[in-house]
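Q: The structure under discussion is supplied below as structure tokens; questions concerning it will follow.
The values are calculated or read from the model by the stated rules, or taken from the named source; none is laboratory data. Computed from a predicted model, the values in this text were never measured in an experiment. Backbone-built Cβ (ideal geometry, glycine too); neighbour counts: all protein chains shown. These accessible areas exclude ligands, DNA and RNA; they are computed on the full protein's heavy atoms, side chains included. Shrake-Rupley method; radii C 1.70, N 1.55, O 1.52, S 1.80 Å.
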Amino acid sequence: MHPILAKPGRLALYQLGWGPFSALLTLLLGYAGHLSWGESAALAVPLCHVYAFLCLSSWYVCRVTPLRTTTVPRLLFTHLAAAPIPGGLYVLLAKFIARLVSIPPERLAPDLPLLYGAGVLLYLLSVAFHYVLLAMEASREAERREAEARVLAGDAELRALKAQINPHFLYNSLNSISALTSLDPARARHMCILLSDFLRSTLGMGERQSISLSEELDLVRRYLEIEKIRFGARLAVEEQVAADCGEQAVPPLLLQPLVENAVVHGIANVVENGVLRLSAARTASGGTAITIENSFDPDAPRARRNGFGQSIVRKRLATRYGSRATLHAAAQGEVYRAEIILPPEEAQPA
Amino acid sequence: MTRISAVIVDDEELARALLREMLGRHPEIEIAAECANGFEAVKAVAERKPDLLFLDVQMPKLDGFEVLELIGAGVAVIFVTAYDTYAMRAFDVHAVDYLLKPFSEERFEAARGGGGEGGEGRRAGKDT
């Protein structure tokens, strides 16, 4: 169904839009001098408003010759070939209305060319108007589809999020707790609390689109606190976070797979004095560069160094930011370095 | 009573402590060495020739399977790991048992019984 006919309000607005045209036609006919001003108005006003309905039909023509897929010559041909028909109808309609308002045909005759021209012109205007209408409809449809895609991407992200806490981290932590229960019950309790704090905050974050970098780093710190109990002196954590990037928006748990990689594929393979360094700083363009560096054993087999955490992070960055965010990871000597660059975006308060 | 000698290999201090504690309840078992990485493990097994080896899989330098390849047959191996994905491989190298972290004392006892009684357990080694 025609979108204007779908709602009475729209039809009223459409008819209102034709008001200026009926006024213009009244003026034209009046100045032409063949009809009195009263006759001009009595002819022009009903003529335009009835013709308005007729012009609605151009919507169907526009729909079968969409701008995007129709060549310009064909477009011109279709509408210019069609225009004389409504033009003719306009003249017939004018004659009919003239009879109704008792204007003799011979007095109308000199105005007929003018009326025919107006009919054609008005029809072409309505064609243009309908193309605008179709474009608006298409853009609304595209927006709806985009929103739908966003929801889908969000779902996928949530599923990825759930996969981000490595279950082996849990098993190993629980094994540490199991050891501590008899060795040092107080530390066992402390570790239970660290672990549940960490888990609780990760679960809460799944529902949020983005969090602040400072929240994300808190989470990373909790995770590392637990890993420090497991790895003891083998894991030292250093931090160099610029104060002005705490409010940078970050997809929740974005850093987790990278930090976990740094521990599992880096620290876990070094015999002693492993260092994990977290840094964050504003970039020249106002975004934030987040770096995770860790010691690793260059002699360890490659398979033991590469997790697929990186690919999860890449995918999430691509879904969220397209090409505006990057992840670069490479080894330099005995240090493995992963750097994320995020575009400027402030976190919304929770 | 024949003393059974055991070597514990795990890169985590707490994981070693747990095994040490559980083994401590068996006076017939003597802990010959504790190792924190694959190199140390190979060295300790060569020097001490233990009856029983508690072996982690993911460790610095050499992983548990690489350790086994280097030491060859002659010791009963019990894998102790958080990863269940290595169970089939462990079976291939004739491990006596496979303990998944965290494990209960009962589960530990069952594994120890299988590998340690009188040093008569099945011997692990490379499948030839």
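Q: Looking only at segment B:5-23, count how many residues are under 20 Å from A:SER176 (Cα atoms) and touching a strand residue (DSSP E or B) at 6+ places or on another chain (Cβ under 8 Å).
A: 9
Q: Also, quick follow-up: Residue pairs, Cβ under 6 Å, 6 or more apart or interchain, first in segment A:260-282 and within 13 Å of chain B (Cβ to nearest Cβ) and within 22 Å of A:ALA249 (Cα to Cα), second open to solvent by less than 10 Å² (accessible area, probe 1.4 Å) and of a type in the set (A, V, I, L, M, F, W, C). List them.
A: Cβ pairs passing all conditions: none.
Q: Which pairs have Cβ atoms under 7 Å, sit 6 or more apart or on different chains, and link a residue in segment A:217-241 that is within 14 Å of chain B (Cβ to nearest Cβ) to one that is of a type in the set (Ser, Thr, Tyr)?
A: Final answer for the pair search is A:ILE226/A:SER173; A:ILE229/A:SER176; A:ARG230/A:SER173; A:ARG230/A:SER176.
Q: Say we look at segment B:38-88 and pick out the residues that are basic (Lys, Arg) and within 14 Å of another protein chain (Cβ to nearest Cβ); which of these is surrounded by the fewest Cβ atoms within 10 Å (Cβ to Cβ)?
A: Result: B:LYS43.
Q: Inside segment A:15-58, can you point out the residues that are among the hydroxyl-bearing types (Ser, Thr, Tyr), closer than 14 Å to A:LEU122 by Cα and not in a loop (DSSP other than H, G, I, E, B)?
A: Those that are among the hydroxyl-bearing types (Ser, Thr, Tyr), closer than 14 Å to A:LEU122 by Cα and not in a loop (DSSP other than H, G, I, E, B): A:SER22, A:TYR51, A:SER58.
Q: Any residue at all in segment A:52-69 that's touching a residue at least 24 places away in the same chain (Cβ under 8 Å), in contact with a helix residue (DSSP H, G or I) (Cβ under 8 Å, 6 or more places away or on another chain) and of a type in the set (Phe, Trp, Tyr)?
A: yes
Q: Which count do you get for residues in segment A:45-82 that are among the hydroxyl-bearing types (Ser, Thr, Tyr), open to solvent by less than 60 Å² (accessible area, probe 1.4 Å) and either within 36 Å of the chain's Cα centre (by Cα) or over 30 Å from A:ARG107 (Cα atoms) (or both)?
A: 5
To keep it simple, each residue is scored yes or no on (1) part of a strand (DSSP E or B); (2) crowded, with 21+ Cβ neighbours inside 10 Å.
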{"position": "A:TYR223", "(1), (2)": "no, yes"}
{"position": "A:GLU227", "(1), (2)": "no, yes"}
{"position": "A:ARG230", "(1), (2)": "no, yes"}
{"position": "A:ALA236", "(1), (2)": "yes, no"}
{"position": "A:GLN240", "(1), (2)": "yes, no"}
{"position": "A:ASP244", "(1), (2)": "no, no"}
{"position": "A:ALA249", "(1), (2)": "yes, no"}
{"position": "A:LEU254", "(1), (2)": "no, yes"}
{"position": "A:VAL259", "(1), (2)": "no, yes"}
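Q: Confirm whether A:PRO344 is under 25 Å from the mean Cα position of the chain (by Cα) and either at pLDDT 85 or above or closer than 17 Å to A:ALA268 by Cβ (or both).
A: So A:PRO344 fits the description; yes.
Q: Among the residues of segment A:324-344, count how many are open to solvent by less than 70 Å² (accessible area, probe 1.4 Å) and either of a type in the set (A, V, I, L, M, F, W, C) or assigned to a loop (DSSP other than H, G, I, E, B) (or both).
A: Result for segment A:324-344: 12.
Q: In addition: Here are some residues: A:SER214, A:SER295. Which one is open to solvent by less than 40 Å² (accessible area, probe 1.4 Å) and in contact (Cβ under 8 Å) with a residue 24 or more places away in the chain?
A: None of the others qualify; the one that does is A:SER295.
Q: Give the residue that is farthest from A:LEU253 (Cα to Cα), with candidates limited to residues of segment A:158-177 that are out of contact with any helix residue (DSSP H, G or I) (no Cβ under 6 Å at 6 or more places or on another chain) and modelled with pLDDT under 65.
A: A:ARG159
Q: Let me ask another. So, A:LEU76, is that one out of contact with any Ser or Thr (no Cβ under 9 Å at 6 or more places or on another chain) and either hydroxyl-bearing (Ser, Thr, Tyr) or in contact (Cβ under 8 Å) with a residue 24 or more places away in the chain (or both) or not?
A: Judged against the criteria, A:LEU76 is not a match.
Q: If you go through segment A:293-302 one residue at a time, do you hit one that is away from chain B (no Cβ under 14 Å) and part of a helix (DSSP H, G or I)?
A: Scanning segment A:293-302 turns up no residue that is away from chain B (no Cβ under 14 Å) and part of a helix (DSSP H, G or I).
Q: Could you tell me which residue of segment A:186-211 is farthest from A:ARG282 (Cα to Cα), considering only residues that are within 13 Å of chain B (Cβ to nearest Cβ) and open to solvent by less than 80 Å² (accessible area, probe 1.4 Å)?
A: A:ALA188
Q: Quick one: how many residues across segment A:16-44 are open to solvent by less than 60 Å² (accessible area, probe 1.4 Å), more than 35 Å from the chain's Cα centre (by Cα) and more than 17 Å from A:ARG107 (Cα to Cα)?
A: The total comes to 4.
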